[in-house]
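The structure appears below as structure tokens.
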Amino acid sequence: MITLFEKFVNEKGKFKTVDYKIIINDLKDNPTTLITDFEIVKTESGKSEIKAKGYTKTDLDGWNGGKKKQVWCDFDDFKDDKTRKVSNKQFQNGTKRIKVH
């Protein structure tokens, strides 16, 4: 019985409080990416190219009541050797409680 409960908890994900430094929103002003740590590669004309660590919102496989189920998954551009472009307007400190998968 306990293993069934542990499996249920692990499938549902964990809630975590995240302190972010950059937030990227979609067109409806909903957060899609929270960047917790970053390094600026270069800056030009109001945009910065950065390497970052943080969380991004992704869809899980399957449907939940007719809606796609979205959870936050972590990413690390330092390990993957990738860069991202962000607007300088998106730099803002904050705290958000998210469900991490």
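The values are calculated or read from the model by the stated rules, or taken from the named source; none is laboratory data. Please read these numbers as outputs of a predicted model, since none were measured by experiment. With ideal geometry, Cβ positions are generated from the backbone for all residues, glycine too; neighbour counts draw on all protein chains shown.
Restricting the first member to the stretch 47-60 and to residues that are closer than 17 Å to residue 89 by Cβ, and the second to residues that are modelled with pLDDT under 95 and not in a strand (DSSP E or B), the beta-carbon pairs closer than 7 Å and six or more apart or on different chains are 47/88; 48/88; 49/83; 50/83; 52/77. Scanning the stretch 66-84 for residues that are more than 14 Å from the chain's Cα centre (by Cα), at pLDDT 90 or above and surrounded by 11 or more Cβ atoms within 10 Å (Cβ to Cβ) yields 78, 82, 83. For the stretch 86-94, check the following and say yes or no: at least one residue is closer than 24 Å to residue 14 by Cα and either in contact with a Pro (Cβ under 8 Å, 6 or more places away or on another chain) or modelled with pLDDT under 95 (or both). Yes, there is a match, as at least one residue in the stretch 86-94 is closer than 24 Å to residue 14 by Cα and either in contact with a Pro (Cβ under 8 Å, 6 or more places away or on another chain) or modelled with pLDDT under 95 (or both).
Residue-by-condition table, conditions (1) part of a strand (DSSP E or B); (2) at pLDDT below 90; (3) under 12 Å from the mean Cα position of the chain (by Cα):
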| site | (1), (2), (3) |
| --- | --- |
| 11 | no, yes, no |
| 19 | yes, no, yes |
| 24 | yes, no, yes |
| 27 | no, no, no |
| 35 | yes, no, yes |
| 38 | yes, no, no |
| 43 | yes, no, no |
| 48 | yes, no, no |
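Of all the criteria given as (1) at pLDDT 85 or above; (2) among the β-branched types (Val, Ile, Thr); (3) out of contact with any Ser or Thr (no Cβ under 9 Å at 6 or more places or on another chain), the one not satisfied by residue 3 is (1).
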